[in-house]
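Asks: Before I ask anything, let me first share the structure, which is written out below as structure tokens.
The values are calculated or read from the model by the stated rules, or taken from the named source; none is laboratory data. Predicted model only: the values in this text are computed from it and were never measured. Don't worry about glycine lacking a Cβ; one is built from the backbone with ideal geometry, like all the others, and counts go over all protein chains shown. Just so you know, the surface numbers come from the protein's heavy atoms only, side chains and all, with ligands and any DNA or RNA stripped out. Shrake-Rupley method; radii C 1.70, N 1.55, O 1.52, S 1.80 Å.
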Amino acid sequence: MPLHMEPPIDINSYLRVFGNELGERILKSFPPLHGARDPSSPLLRNLLRKPYAAQTVAVMGVVRLLAQARSAAVVAECGTGKTLISLASVYVAANGKPFTALAMVPPHLTMKWCREALLTIPRLRVFLIDGLRDAKSTSLNGIHEVKIRHGRVVREGLKITLTDLRSRKNYPSARARWDEICPSPALFVISRETAKLGYFWRHAYNIAQSGRYQGSVVNPDTGQPIYSGEKDERVLSSDFKKARLSEWIGPAGETVEADVKVRRKVFSPLWQADRSKVRRYAPIEFLGRHLKGFFDFAIADEAHELKGGDTAQGNALGTLASCAKKILILTGTLLGGYADDVYEILFRLEPGKMVEHGFEHGEGVGPFMETYGLLETITTIEPAENACSEAKVTRRVRRRPGASPLLFGDFLMPLTAFLSLEDIAYVLPPYREVVVRVEMDEELKRAYGELEEAIKKALQEHRGNPSVVSVGMNALLLYPDRPFGLGTLFGSEFNPETQRRERFVVAEPEDLDEGVLYAKERRLVEEIKSSLSRGRKVHVFAVYTRTRDVTRRLERILQREGIRVAVLTSDVKPELREAWYERQSRQGVQVVIAHPKLVSLGLDLLDYPDLIFWETGYSLYTLRQASRRSWRIGQTEEVTVKYFAYANTAQETCLRLMGRKLLVALAMEGKFSTEGLQAVGEDDDLLMAMARELVTEKGIGETADLVWRDIQQQNAAFAHALPERVEIEDETPLEAVVLPQEPLSAVVDQLLLFGASLAKSSIRKDAAGRRRSVEPCVDNQQLRLF
């Protein structure tokens, strides 16, 4: 470091000073499978769509990894071309020869996948799996070949069924027969909703008719009441709703004598198949059982949606991985801020490696979180009731946001190619994010203050009650946008004497005049009119769209201003939403309002360069996905994303806390910052974090735009376009611009694509649970893509 330079004060300044030296040392110690200057396969020139330079590096890295392993992952931001990367990787990995591939994708992306595949790989035939044959079904079933006619994907050509596909007839195998039928490369596309569509189910529990538990809900396997939650409350019949419930039967964890044999816990599902409904067979189960080894490659798009443990979609990923020779997963948001977000995915992709590191799937996620996550142990000591009793000590462990860098080095680095929009920013227009803080009208401020005090009082009186947290914080988020019609807010609490949950009043919000146009709404109209005057269409996101819908009010407000507006609802089936947007564009619609989750995966909103989050919600996955719907390959206009929030309200607190969680998620994608490292101490649940800040007033004085400024300046720094710091006033929205850049140098390119080498822990557990030392890895063992 030159003598005249000041020493680094944080990790960002440290990387700016020593970034080149660190990059050279990392690449020397851990050379990637394919570098930016390494020659690429000549087969890439045969593709109908040519990948960009950064995409080519990712493609070749995936190809080289699949040559020596059976699984790989691509974690690329929305709009970087994950579909193109996966298709090109499969084509090159097959050495240009005929292959069979199976892609499981979100339901609204099936036609998009078919179209992009036909426009990318030469001589490719694409087949859409619509389901298993069912004589009583009136919907599409079987396997249909699709082609592009007049710019649209239509079912045309070969039609077979899954049962016919598994038949070998006079051939040695079903695959040999298929190669005779289709000598060209073949891609089978199936919606993940169709793939998991198995039998109907119903709840399975009993009501005790006699004995000590008479009238109580009991487990059919044990005949005893079912308990759930941190306070071990009895489950009631009203708790059996749409979700499946289950119980672990066995020791409760108390200390036992050394010579007593501890019985293993047994999983007891409180549901069973419903024989009164139509019997169905999940197509993915059929493929895994009868067509194992038929497919050369399997692709799972938006894999973060498949992270569930005992869920149909999560199990579908495991079946998909088992029925193909190679598997590639794609996602834009690998982590939501917690280490265990990848636990089930890693077990389904690399179970052997997880066992080698001492993790057993039957043990649960606890050991994994102890090693790579952040856990908080809460000890509660209740005083003794009398001299003859002892103090009651209870310990509760909960997860906190954050992930160890060892997770990156042990699992993600050897498995994953990271690609960000900054890597291809030179082909994208500028991107701008704005936090718009609006001051409330006096009447609304008064009513909101009264509601806030009432909820704060309820939180203090019913400390730790999840119903108060959920009802109260959602009311504070919604009330400024809809200060009428909320009705009395109720919470519920378990009464040990009656063994029932009893309701109590949390707050009674005041109903304001519905005909008044409030400050945030006036600002929204101004922003939309400004965009339309410049010929830019606008997309508005709102999260409260059901019982207390705000989208219809926004629709009426904009229509009164002469603006052509449409509202996308969940009534539009996912596979029809792309066509729905095309129809709105042809009809001259200027503004579209929708819940961000309806468009958060895969849809391109290139016609709407201005995105406005009227409400953000508290799902980091949804926010990250929806905010990049317009800034994608093919966009020619500058993209602006604006986050609206009333100043000094729960809306601003929510936006600020989401910014901190985003910093944690970015850290696992190679974008570390001091704020992200500090944010690992934040609460695990966003609603609980907001409630704690409301009671303790911890966040007073800290605004959301300050946190989002750090995020945008960090992103701009990675794009080599760090803007100068500016002073922020309350009425001046924060702006941070990411300008299009030239391709980065080879060293920095590889660091952005594949992250950095991180130190491994010196102690691990073997399969038997014993602690063992790990020998340092030599260079030739680190020749991985990532």
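Asks: Taking square-rooted eigenvalues a ≥ b ≥ c of the alpha carbon gyration tensor, is region 158-203 rounded, prolate or oblate, where a/c under 1.5 means rounded and, failing that, a/b exceeding b/c means prolate?
Replies: prolate
Asks: Determine ³J(HN,Hα), in whole Hz, for all residues of region 114-125 in sequence, where each value follows from phi through the Karplus function 6.51 cos²θ - 1.76 cosθ + 1.60 and θ = phi - 60°; x replaces Gly and Pro.
Replies: 4, 5, 5, 5, 5, 8, 10, 9, x, 6, 7, 10
Asks: Probe of 1.4 angstrom, ligands and nucleic acids ignored: what's the accessible area per residue over region 531-670, in square angstrom?
Replies: Spelled out: the 1.4 Å probe surface of region 531-670, per residue, equals 35 Å².
Asks: Could you give the Stokes-Einstein D for region 1-128 in µm² per second, using the C-alpha Kirkwood radius, 37 °C, 0.692 mPa s?
Replies: 191
Asks: Which pairs, out of LYS242/LYS325; LYS537/LYS573; LYS456/LYS537; LYS242/LYS392, put more than 30 Å between their alpha-carbon atoms?
Replies: Long pairs (Cα-Cα over 30 Å): LYS242/LYS325; LYS456/LYS537; LYS242/LYS392.
Asks: So, one more: I'd like the carbon and sulfur percentage of the solvent accessible area for region 443-507, probe radius 1.4 Å, heavy atoms only, ligands and nucleic acids excluded.
Replies: 48
Asks: Before I look further, what does region 443-507 give for accessible area per residue, probe 1.4 Å, in whole square angstrom?
Replies: Value returned for region 443-507: 46 Å² of accessible area per residue.
Asks: In addition: Peptides 606-616, 311-321: what's the order by average Cβ count within 10 Å, highest mean first?
Replies: 606-616, 311-321
Asks: Normalised radius of gyration for region 443-507, please: alpha carbon Rg relative to 2.2 N^0.38 Å, two decimal places.
Replies: Normalised by 2.2 N^0.38 Å, the Cα Rg of region 443-507 equals 1.18.
Asks: Enter the accessible area per residue of region 130-245 (Å², integer; probe 1.4 Å; all protein chains in place).
Replies: Ligands and nucleic acids excluded, the result is 61 Å² per residue.
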